[in-house]
Amino acid sequence: MSMERQIAGAGGKGFMASYLESLALVERLHRLLLDVIKDEFERVGVLEINAVQALLLFNIGDNEVTAGELKSRGYYQGSNVSYNLKKLVEMGYMHHQRCEIDRRSVRVRLTQKGREIRDIVGTLFARHAEGLQAKGVLGQEGIEEITTALRRVERYWTDQIRYIY
């Protein structure tokens, strides 16, 4: 079947077209999230770090992790994790320490300065969650449906990667 026929489907929009639209939406939402964080940081006068680094600090939270764990646990989505960790350590947002067992591995955790950034992002997200509910954009049931659907797609894609190898 041709790509055009798959996209069009039998009667109207078709599943493939909806799937491609949802993929584009996920991409746009991630970029928009980074813009929202950047705008918040400009508003509060934090200009030293970028939105990707701020999100990384938020996701690490109170945990102590290795660079490898950042990706495997889903804390960080990006190819330049080592660069961002190095910059965050240099700027005083993170502590780093060689692992006693495996000297090649470095463990990182937030400094007080890093926890302050985490708290700014957390406050922003709390404000958004409250606004989504208060304005009727999304309620508890709706957010649970979205999360469930996204987890199913995540499992499917993960299975596809594992199947390849």
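The values are calculated or read from the model by the stated rules, or taken from the named source; none is laboratory data. As the structure is a prediction and not an experimental result, all values here were calculated from the model. Virtual Cβ from ideal backbone geometry, glycine too; neighbours counted across all protein chains shown. What goes into the accessible areas is simple: the full protein's heavy atoms, side chains included, and nothing from ligands, DNA or RNA. Shrake-Rupley method; radii C 1.70, N 1.55, O 1.52, S 1.80 Å.
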Looking at the range 99-107, can you tell me whether even one residue there is exposed (fewer than 14 other Cβ atoms within 10 Å of the Cβ) and among the β-branched types (Val, Ile, Thr)?
yes
In the range 40-53, residues that are touching a residue at least 12 places away in the same chain (Cβ under 8 Å), part of a loop (DSSP other than H, G, I, E, B) and not hydrophobic (A, V, I, L, M, F, W, C) total 2
Restricting the range 74-91 to residues that are open to solvent by less than 30 Å² (accessible area, probe 1.4 Å) and either outside any loop (DSSP other than H, G, I, E, B) or farther than 23 Å from ARG151 by Cβ (or both), the one modelled with the lowest pLDDT turns out to be VAL81
The correct count of residues that are over 22 Å from ARG73 (Cβ atoms) and open to solvent by 100 Å² or more (accessible area, probe 1.4 Å) in the range 139-162 is 3
Those residues of the range 27-45 that are among the β-branched types (Val, Ile, Thr) and either more than 20 Å from VAL121 (Cβ to Cβ) or touching a helix residue (DSSP H, G or I) at 6+ places or on another chain (Cβ under 7 Å) (or both) come to a total of 2
Picked from the range 54-73 (must be in a helix (DSSP H, G or I) and open to solvent by 10 Å² or more (accessible area, probe 1.4 Å)), the residue farthest from LEU85 (Cα to Cα) is SER72
Pairing a residue in the range 121-140 that is over 24 Å from PHE41 (Cα atoms) with any residue that is at pLDDT 95 or above, where Cβ atoms lie under 7 Å and the two sit 6 or more apart in sequence or on different chains, gives LEU138/LEU132; GLY139/GLN133
- Has the range 116-133 got at least one residue that is farther than 23 Å from LEU34 by Cα and open to solvent by less than 50 Å² (accessible area, probe 1.4 Å)? no
